[in-house]
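One structure is given here, and the rest of the page talks about it.
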Amino acid sequence: MTAARSILLLAALILIAPPALAEDAPKIGEIFITMAEPENPAAAALLSERDGKTVTLGTINADIATDEHYRIAETCFPTKSAEDPAFGGDIKGKALPLPIEGKPDCSVMFRIEAADDSPYETTGGGTGIVRIPVDETFTVTKQMKDGVTTFVLTPVE
């Protein structure tokens, strides 16, 4: 085989080779915005290490069934009404707490940015039980200001 044929064969193989698979975005199954659950520190650590990269978010738990939930909601949300859209699917563009330590703890937040401001569907299992299924992949941008870390989540198109 001549050198020219070898080069042509190599070029053809490169052209027909499948593209490299993109890195799979790790998934955060659930973020609890009105309670400090053990899953939240792991979610915050993953978001922090994924700055500039992608992550998939499954569900946001916005339960308001206990006094603890109300204390966190009253402190971390700009309005203090259980009827406020922050407790439903209308969460795009709003800073939501990711309580890590203490009750309440509003030093770590996340915000879903989207051109589409239609609300997510919500599900509930009874009085005060609120789940917001998101099931989307986002690019993470970490912002820090005045002692508060905010993870901005921009949907991947």
*Residue ID - nearest to Leu57 (Cα to Cα), chosen from residues in the stretch 125-136 that are at pLDDT below 90 and open to solvent by 60 Å² or more (accessible area, probe 1.4 Å)*: Gly125
*Could you figure out which of (1) closer than 17 Å to Thr150 by Cα; (2) at pLDDT 90 or above; (3) touching a strand residue (DSSP E or B) at 6+ places or on another chain (Cβ under 6 Å) isn't true of Gly52?*
(3)
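Let's see how each residue does on (1) open to solvent by less than 60 Å² (accessible area, probe 1.4 Å); (2) more than 15 Å from the chain's Cα centre (by Cα); (3) hydroxyl-bearing (Ser, Thr, Tyr); (4) at pLDDT below 95:
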| site | (1), (2), (3), (4) |
| --- | --- |
| Ala73 | yes, yes, no, yes |
| Cys76 | yes, yes, no, yes |
| Phe138 | yes, no, no, no |
| Gly147 | no, yes, no, yes |
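The values are calculated or read from the model by the stated rules, or taken from the named source; none is laboratory data. None of the values given here were measured: they were computed from a predicted structure. Ideal geometry is used to build each Cβ from the backbone, glycine not excepted, and the neighbour counts take in all protein chains shown. Heavy atoms of the whole protein, side chains included, go into the accessibility calculation; ligands, DNA and RNA do not. Shrake-Rupley method; radii C 1.70, N 1.55, O 1.52, S 1.80 Å.
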